[in-house]
1. Which residues, counting only those in segment 1-30, are modelled with pLDDT under 90 and exposed (fewer than 12 other Cβ atoms within 10 Å of the Cβ)?
2. Need the failing condition index for N100 against (1) more than 25 Å from G7 (Cα to Cα); (2) surrounded by 21 or more Cβ atoms within 10 Å (Cβ to Cβ); (3) touching a strand residue (DSSP E or B) at 6+ places or on another chain (Cβ under 6 Å), just the number.
3. So which residues in segment 19-52 are of a type in the set (V, I, T) and under 19 Å from the mean Cα position of the chain (by Cα), if there are any at all?
4. Output the number of residues of segment 9-28 satisfying the condition of being in a loop (DSSP other than H, G, I, E, B) and touching a strand residue (DSSP E or B) at 6+ places or on another chain (Cβ under 9 Å).
5. Cβ-Cβ distance below 6 Å, separation of 6 or more or different chains: which pairs start in segment 61-88 with a residue that is not assigned by TED's automatic domain parsing to the domain that holds K46 and polar (S, T, N, Q) and end on one that is assigned to a helix (DSSP H, G or I) and modelled with pLDDT of 95 or more?
6. All but one of (1) at pLDDT 95 or above; (2) of a type outside the set (D, E, K, R); (3) assigned by TED's automatic domain parsing to the domain that holds T138 hold for W39; state the number of the condition that does not hold.
7. On the phi < 0 side of the Ramachandran plot and among the charged types (D, E, K, R), is that true of K103?
8. Of the residues L114, L82, which single one is farther than 15 Å from Q139 by Cα and in contact with a strand residue (DSSP E or B) (Cβ under 7 Å, 6 or more places away or on another chain)?
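The values are calculated or read from the model by the stated rules, or taken from the named source; none is laboratory data. Note that the structure is predicted; figures quoted are calculated from it, not measured. Positions of Cβ are backbone-derived with ideal geometry, glycine not excepted, and every protein chain shown enters the neighbour counts.
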Amino acid sequence: MELFAKGKRSQVYKDGDVIIKVEREDIQAVERIRNEAKWLKILNEKGIGPKFIKRVNKKLYMEFIDGERILDFSEKANKKDLKKVLLDLLDQCRVMDKLNVNKYEMHKPLKHVLVRKNKVVMIDFERCKYVMKPKNITQVCQFLARYYKISGVLEKAKKYKETFSEKDYKEIRKCLTNTL
């Protein structure tokens, strides 16, 4: 087992194709591992996140995602693959919005969105929580506007934020499709 990464709330170890996240003892935010395990189980049912394996006390075991960070992928992807991946990211955020789950950090998902075989795998769900008005789509639209210069997406996101309707969500997808 090797130390893979050290985060704000946990240390991450890799053992073959398994990641073991261990809650740090020196932090104030407690129960982050329990929270992440809870949300991974729920979101895995919708095809989101690395596969949950088990949680034992303050250790979370999940699938290791051998993928590229989204911006690294973007630099070398062709237009068709980039569009497919960004639409996948939007679709996964829409699923979370419909479940009233807020992931947080989606306005700058540089470390939290990996691409494996032209498919998005989001990681780090320790801050997830149930909310009445989730912001996954609106935050990812900020990311799309900033990093991919998707014009008009922020206006579409503002309307979506008011309604959360499928119609307004499709307008966001259309905006991305027409711009790239």
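1. Of everything in segment 1-30, those that are modelled with pLDDT under 90 and exposed (fewer than 12 other Cβ atoms within 10 Å of the Cβ) turn out to be M1, E2, L3, K6, K8, E25, D26, Q28.
2. Checking N100 against (1) more than 25 Å from G7 (Cα to Cα); (2) surrounded by 21 or more Cβ atoms within 10 Å (Cβ to Cβ); (3) touching a strand residue (DSSP E or B) at 6+ places or on another chain (Cβ under 6 Å), the one that fails is (2).
3. I19, I20, I33, I42, I48
4. Adding up the residues that qualify gives 4.
5. S74/L82
6. Looking at each condition in turn, W39 falls short on (3).
7. On the way: on the phi < 0 side of the Ramachandran plot: yes; among the charged types (D, E, K, R): yes.
Considered against the rule, which asks whether it is on the phi < 0 side of the Ramachandran plot and among the charged types (D, E, K, R), K103 comes out as yes.
8. L114
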